[in-house]
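The values are calculated or read from the model by the stated rules, or taken from the named source; none is laboratory data. Keep in mind that this is a model prediction, so the values were computed, not measured. A quick note on method: Cβ atoms are made from the backbone with ideal geometry, for glycine too, and the neighbour counts reach across all protein chains shown. Accessible surface is based on the protein model in full, side chains and every heavy atom, while ligands, DNA and RNA are left aside. Shrake-Rupley method; radii C 1.70, N 1.55, O 1.52, S 1.80 Å.
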Amino acid sequence: MFSKNKELFDCIAKALKVNANKININSSSDNIEDWDSLGQLNILTALDKKLKGKVFGIKKLATAQSTKAIIKILKEKKLLE
């Protein structure tokens, strides 16, 4: 479980291989160049690894194109405080 957004942002940044300072609450596939289809898969894989296999069963995450959307889904599933 992520205890705060910063951990989630760091995880996404690492998955996209970008500086952690580039990822914040307003980050999305529209403003992060590396957040393309492969980047989306990398994010899902990183989240699944961090959350010990709980992510790939959440279909909505596959189409979440922003940190706000990811946060909303993870909170709904009680995977983010």
Could you give the angle, 0 to 90 degrees to the nearest 10, between helix 5-16's Cα long axis and the longest principal axis of the Cα atoms of the chain?
60 degrees
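So with the 1.4 Å probe, I'd like the accessible area per residue for the chain, rounded to whole Å².
So the chain comes to 62 Å² accessible per residue, rounded to a whole number.
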Please report the base-10 log of the normalised intensity I(q)/I(0) for the chain, using a Debye sum with one equal scatterer per alpha carbon and no solvent, at each q in 0.12, 0.16, 0.26 (1/Å).
-0.26, -0.49, -1.48
Summarise the accessible area of the chain (1.4 Å probe, protein heavy atoms) by the percent that is carbon and sulfur.
52 percent
Under the rule of -39500 (n - 2.57) per DSSP H run of 4 or more residues, summed and divided by the residues of the chain, what mean residue ellipticity at 222 nm is obtained, to the nearest 500 deg cm²/dmol?
-14000 deg cm²/dmol
If you count only protein heavy atoms and use a 1.4 Å probe, how large is the accessible surface of D34, to the nearest 10 Å²?
70 Å²
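Over the chain, what is the relative contact order in percent, taking alpha-carbon pairs closer than 8 angstrom and at least six residues apart?
Numbers: 81 pairs, mean separation 30.6, N = 81.
In percent, rounded to a whole number, it is 38.
To the nearest 20 debye, what is the magnitude of the charge dipole of segment 26-76 about its Cα centre, counting +1 on the Cβ of each Lys and Arg and -1 on the Cβ of each Asp and Glu? Let's see the in-between values first.
Details: 9 positive and 6 negative charges, 96 e Å.
Charge dipole, segment 26-76, about its Cα centre: 460 debye, nearest 20.
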Determine how large the accessible area of D30 is when every protein chain is in place; take a 1.4 Å probe and give Å² rounded to the nearest 10.
150 Å²
Starting from the Cα of I25, step 7 Å along the direction of its Cβ; do the same at K59; then give the gap between the two resulting points in nm.
3.1 nm
Largest-first ordering by accessible area, 1.4 Å probe, given options F9, F2
F9, F2
